[in-house]
Number of protein chains: 2
Amino acid sequence: MTADPVSAVFAALADPTRRALLARLATGDATVNELAEPFPISLQAISKHLTVLERAGLIVRTREAQWRRCRLDPAPLRTLAEWVDQYRRLWDERHDALDDYLRDLKETSRDRNP
Amino acid sequence: MTADPVSAVFAALADPTRRALLARLATGDATVNELAEPFPISLQAISKHLTVLERAGLIVRTREAQWRRCRLDPAPLRTLAEWVDQYRRLWDERHDALDDYLRDLKETSRDRNP
DNA sequence: TGTAAATTCAACTCATCGGTTAATCATCTA
DNA sequence: TAGATGATTAACCGATGAGTTGAATTTACA
């Protein structure tokens with residue numbers, strides 16, 4: 001997987017199972033078995049998902065005896081937030097335009113029905 | 001493609017070509033040919049990428065004579081920003097922890113070297 | 001009317017993805 | 001030292017993704 005980091009993060013987040021795993025990890029660290037428990041798929045599938053998340057830098061796995069403790073690393077999410085923020089002015093502008101339109105509509109209505 | 005909307009947006013953004021197309025569209029509307037020009041891949045490939053972006057709701061394509069004008073729709077990016085924001089406290093907390101550590105370090109140093 | 005331009009559709013290839021089952025590895029404990 | 005427990009690796013399968021080339025579609029215009 002030689003994809004650039006941003007692509008890797010987006011790709012990792014494109015799967016609902018992986019997003020659910022992240023959501024679970026946001027509430028605290030967990031082992032693979034604990035993470036897999038609510039899902040209707042095999043432990044191996046979960047392990048693969050965790051590998052994807054790890055390669056994207058979204059989690060860190062550490063050994064603890066026979067367990068693997070998984071911890072969420074929010075750093076890539078921060079990067080993502082910055083990426084999305086590049087576009088923030090666009091929806092802010094559009095929102096302003098809508099405001100203008102609505103204000104205009106209201107005034108026209110008021111003019112028509114004084 | 002029956003994926004949930006969030007997955008569709010993340011998947012659409014997981015490709016660098018598509019992110020580049022969005023970046024171009026952020027500077028203003030464009031036709032398919034205009035969009036394709038800087039890329040080393042076929043026009044058809046670009047057209048496919050645009051379909052993916054359109055299905056994710058990230059762009060809107062309208063007919064204008066024989067051209068297709070493409071416009072960026074930032075709404076899904078806003079949704080994304082909100083999604084990422086769920087996790088903001090995590091990196092804020094971590095940042096606070098670092099702040100604490102540094103403050104602690106400074107105080108210790110001051111205590112040692114009064 | 002017919003041709004050129006802009007774009008999409010169709011069919012195909014190859015790689016990757018998400019899932020499976022079976023086997024293997026790593027560690028604790030009796 | 002032998003199980004048992006926790007997790008990963010390997011090999012496979014069907015679906016999807018990104019790219020190609022070639023044909024079809026839509027529209028303007030000579």
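The values are calculated or read from the model by the stated rules, or taken from the named source; none is laboratory data. Since the model is a prediction, treat every value here as computed from it, not as a measurement. Don't worry about glycine lacking a Cβ; one is built from the backbone with ideal geometry, like all the others, and counts go over all protein chains shown. Heavy atoms of the whole protein, side chains included, go into the accessibility calculation; ligands, DNA and RNA do not. Shrake-Rupley method; radii C 1.70, N 1.55, O 1.52, S 1.80 Å.
Under the definition of partner shielding as Cβ atoms of other protein chains within 10 Å of a residue Cβ, what is the mean value for peptide A:69-76?
3
How well do other chains shield peptide B:19-28, expressed as the mean number of their Cβ atoms within 10 Å of each residue Cβ?
On the way: counts 5, 0, 0, 2, 2, 0, 1, 4, 0, 0.
Per residue, the number of nearby Cβ atoms from other chains is 1 on average.
Quick one: compute a quarter of the convex hull surface over the Cα atoms of the range B:5-73 and quote it in nm². Walk me through the numbers on the way to the answer.
Numbers: hull surface 16.9 nm².
Seen from a random direction, the Cα hull of the range B:5-73 projects 4.2 nm² on average.
How many Cβ atoms of partner chains, on average, are near each residue of A:81-92 if near means within 10 Å of its Cβ? Walk me through the numbers on the way to the answer.
Details: counts 8, 1, 6, 12, 3, 4, 11, 4, 2, 8, 9, 2.
The shielding value for this peptide is 6.
Sorted by accessible area with a 1.4 angstrom probe, largest first, how do B:Trp67, B:Trp83 fall?
B:Trp67, B:Trp83
If packing is taken as the mean number of other Cβ atoms within 10 Å per residue, what is the order of A:35-48, A:16-29, highest first?
A:16-29, A:35-48
Using protein chains only and a probe of 1.4 angstrom, how many square angstrom of A:Val6 are accessible, to the nearest 10?
Counting only protein heavy atoms, the figure is 40 Å².
Whole-Hz Karplus ³J(HN,Hα) for the range A:11-27, in order, using 6.51 cos²θ - 1.76 cosθ + 1.60 and θ = phi - 60°, x for Gly and Pro?
Per-residue couplings from phi come out as 4, 4, 7, 6, 10, x, 4, 5, 5, 5, 4, 4, 4, 4, 5, 5, 8 Hz.
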